[in-house]
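We did not get these values from a lab; they are worked out from the coordinates using the rules stated. Everything numeric here is computed off the predicted structure, so don't read it as measured data. Neighbour counts run over all protein chains shown; Cβ positions are idealised from the backbone, glycine included.
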Amino acid sequence: MDPTSTPSPKSPLEGWQLSWGGWFDNRHGEWWLLAQLALIVAHLLPPWPAPGSWGYAWPLPMALAGTVLFVLGLALAAQAFWRLGPSLTPLPDPKPGAALITRGAYARCRHPLYQAVLLCSLGVVLALGSLLHLALLVGLCAVLGGKARREERMLLQLHPDYAAYRSAVPAIIPGLPWLDWRC
């Protein structure tokens, strides 16, 4: 490197711990990420069965409510992304040296990005009236609940004050046992 040149800015992907080996042995929870991405992308599938095949049109208020929930989910995701800053990683294993974020969206729930994904998925279900998309939402609940649990095991090791935060703040969706575990 030329000593007179300025160093290149750090990539936002730096420190994400993504590697080819990880996709094969799940060393940082890559399989959780893969399952999550597959379920999210599957939301692009057309509704099945189509609501019209049931003999009636899907109610417009339901479709509008779904659209509003989807947009709200995107807004919540943007807020959580912004708050995480350099601690952001798509994997359940936190970045080495990442700060524990407990303010903003993280004061409302411990995993607001997962909450936002579920809200967007629910919005799609309501907008389309699709049993397929309802099944995808249930699958996302299972995957994100498991991914969050793995993430929290690591956070407990890295941050001594995580246990108090975990006992005080809902995980993903308050009051739902698979999506809210407080110890």
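Give the calculated FRET efficiency between residue 57 and residue 149 to the nearest 0.05, with a Förster radius of 35 Å applied to their Cβ-Cβ distance.
0.30
Mind checking the full-extension length gain between residue 180 and residue 74? Use 0.36 nm per residue of separation minus the Cα-Cα distance, one decimal, nm.
That works out to 36.0 nm of additional length.
So for the chain, what are the equivalent ellipsoid semi-axes in whole Å, largest first, each being the square root of 5 times an eigenvalue of the Cα gyration tensor?
With the √(5λ) rule applied to the chain, the semi-axes are 33, 20, 16 Å.
When the chain is fully extended, how far beyond the present Cα-Cα distance does residue 20 get from residue 44, taking 0.36 nm per residue of separation?
6.0 nm
Taking only the C-alpha atoms, wrap a convex hull around the stretch 50-122 and report its volume per residue in Å³ as a whole number.
97
Using 1/(1 + (r/R0)^6) with R0 = 25 angstrom and r between the beta carbons of residue 64 and residue 135, what's the FRET efficiency to the nearest 0.05?
Calculated value: 0.65.
Taking only C-alpha pairs under 8 Å that are 6+ residues apart, what is the relative contact order of the chain in percent?
The value is 27 percent.
For the stretch 53-113, what's the relative contact order in percent, using C-alpha pairs closer than 8 Å and at least 6 residues apart?
33
Note down the nm distance, to one decimal, between modelled labels 7 Å out along Cα→Cβ at residue 81 and at residue 168.
In this crude spin-label approximation the distance works out to 2.9 nm.
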